[in-house]
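Only one structure is covered here, and it is reproduced in the block below.
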Amino acid sequence: MAGHRARKRFGQHFLTDPGVIDAIIRAVHPTKDDTIVEIGPGQGAITDALARNAGPLHAVELDRDRVARRRRQYGGRATGIPAIAKQRPELAGCIDRVVASPGFPETSQPILDALAQGISVRSELDLAASLLSATFVVVTGTNGKTTTTELIDAMLRRSGIASIAAGNIGTALSDLVDDGDAHDVVVIEASSF
């Protein structure tokens with residue numbers, strides 16, 4: 001999807017590697033009996049696979065530029081909803097799990113609604129981390145995350161450790177899934193919420 005730049009404020013990372021997408025889908029393991037809400041579908045890489053493998057699929061997207069594209073792409077198959085239980089009460093009790101983009105803080109209404117209903121919520125970071133065997137160094141906070149992440153990564157590499165910076169710094173953690181054991185340490189810039 002050329003022409004759309006990832007927006008850091010939304011925590012956007014657009015997946016393109018089919019191997020990574022397949023690994024995430026295997027971790028989620030959607031079935032036709034599952035009703036799934038994908039929070040932050042971005043360009044629809046995971047949405048495509050979920051639409052093929054899951055039952056009813058609902059997508060929540062904060063980026064208004066992406067909403068119209070997703071509606072055209074999926075028609076009635078995936079629908080955008082502003083909140084799970086409050087805005088669409090008919091969904092309460094029928095959603096099996098939620099996959100959230102890093103741009104959605106745990107205090108956002110769709111996440112709170114899912115948790116209040118006892119629905120399993122997993123983030124892109126959680127899914128990717130469960131598929132990686134590297135050691136993680138996670139940097140969070142209000143200011144200086146990118147600089148600190150880059151500094152730690154540079155120090156590790158300079159000392160001979162196979163390291164890479166990922167997360168909100170530009171490379172999605174899930175993009176590393178297909179790299180196998182290429183990295184001993186992953187330095188992750190994570191959102192501060």
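Would you check if Ile188 is part of a strand (DSSP E or B) and either polar (S, T, N, Q) or touching a Gly at 6+ places or on another chain (Cβ under 6 Å) (or both)? Outline the logic, then answer.
Values: part of a strand (DSSP E or B): yes; either polar (S, T, N, Q) or touching a Gly at 6+ places or on another chain (Cβ under 6 Å) (or both): yes.
Yes, satisfied.
For the stretch 133-148, give me each residue that is closer than 17 Å to Asn168 by Cα and either among the hydrophobic types (A, V, I, L, M, F, W, C) or in contact (Cβ under 8 Å) with a residue 60 or more places away in the chain (or both).
Phe136, Val137, Val138, Val139 - these are the residues of the stretch 133-148 that are closer than 17 Å to Asn168 by Cα and either among the hydrophobic types (A, V, I, L, M, F, W, C) or in contact (Cβ under 8 Å) with a residue 60 or more places away in the chain (or both).
If Arg122 passes every condition in (1) among the charged types (D, E, K, R); (2) assigned to a helix (DSSP H, G or I); (3) within 14 Å of the chain's Cα centre (by Cα) but one, which one does it miss?
(2)
From the list Arg71, Arg52, Arg88, exactly one residue is modelled with pLDDT under 80, touching a strand residue (DSSP E or B) at 6+ places or on another chain (Cβ under 8 Å), open to solvent by 70 Å² or more (accessible area, probe 1.4 Å) and at negative phi. Which is it? Outline the logic, then answer.
Numbers: Arg52 fails: touching a strand residue (DSSP E or B) at 6+ places or on another chain (Cβ under 8 Å); Arg88 fails: open to solvent by 70 Å² or more (accessible area, probe 1.4 Å).
After ruling out the rest, the residue left standing is Arg71.
Being at pLDDT 75 or above, out of contact with any Ser or Thr (no Cβ under 8 Å at 6 or more places or on another chain), among the hydrophobic types (A, V, I, L, M, F, W, C) and within 24 Å of Val185 (Cβ to Cβ): is that true of Val138 here? Can you show your working first?
Working: at pLDDT 75 or above: yes; out of contact with any Ser or Thr (no Cβ under 8 Å at 6 or more places or on another chain): yes; among the hydrophobic types (A, V, I, L, M, F, W, C): yes; within 24 Å of Val185 (Cβ to Cβ): yes.
Yes.
The values are calculated or read from the model by the stated rules, or taken from the named source; none is laboratory data. This structure is a prediction, so every number in the text was calculated from the model and none was measured. Cβ coordinates were reconstructed from backbone atoms using ideal geometry, including for glycine residues, and neighbour counts include every protein chain displayed. The accessibility values were calculated without ligands, DNA or RNA, using every heavy atom of the protein model including side chains. Shrake-Rupley method; radii C 1.70, N 1.55, O 1.52, S 1.80 Å.
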